[in-house]
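The values are calculated or read from the model by the stated rules, or taken from the named source; none is laboratory data. Every value quoted in this text rests on a predicted model; they were computed, and no experiment measured them. Reconstructed Cβ throughout: ideal geometry from the backbone, glycine too, with neighbour counts over all protein chains shown.
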Amino acid sequence: MFYVYFAKSLRNGKVYVGFTSKNPVDRVNEHNSGCNQWSKNNRPFKLIYYESLICEDDARQRERFYKSGVGKKIKNLIVEGMGT
């Protein structure tokens, strides 16, 4: 199983879009441990949304979509609809 997920920074409200083959909760915990400079500067994060996909290529495409122009708008609608 592969996942596309949104993790919201509780520090500044930025929403990170990621792709992983790990459990999304575990992956966000890695972000919260400061696994890289960007995560370290924007933590703590809260998992706010994820999608499960069977095919890795589909998951990578979906991640790229959410980072594109139209995809960002849809991502924002999802985030706003969740009341976060």
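Numbers for the structure displayed
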quantity	calculated
Residues of region 1-17 satisfying the condition of being crowded, with 19+ Cβ neighbours inside 10 Å and of a type in the set (Gly, Ala, Ser)	7
Filter result (part of a loop (DSSP other than H, G, I, E, B) and in contact with a helix residue (DSSP H, G or I) (Cβ under 8 Å, 6 or more places away or on another chain)) within region 4-21	11, 12, 14, 21
Scope region 63-78; condition within 11 Å of the chain's Cα centre (by Cα) and either part of a helix (DSSP H, G or I) or surrounded by 14 or more Cβ atoms within 10 Å (Cβ to Cβ) (or both); matching residues	63, 66, 75
Any pair with Cβ under 7 angstrom, 6 or more apart, that starts in region 54-74 at a residue that is aliphatic (A, V, I, L, M) and ends at one that is at pLDDT 95 or above and surrounded by fewer than 14 Cβ atoms within 10 Å (Cβ to Cβ)	54/1
Test: residue in region 31-52 that is touching a residue at least 24 places away in the same chain (Cβ under 8 Å), more than 20 Å from residue 11 (Cβ to Cβ) and β-branched (Val, Ile, Thr)	no
Selection from region 1-31 of residues that are over 13 Å from the mean Cα position of the chain (by Cα) and among the polar types (S, T, N, Q)	12
Residues of region 22-46 classified as crowded, with 19+ Cβ neighbours inside 10 Å and outside any helix (DSSP H, G or I), total	1
Residue list for region 34-50, filter: modelled with pLDDT of 95 or more and farther than 23 Å from residue 74 by Cβ	44
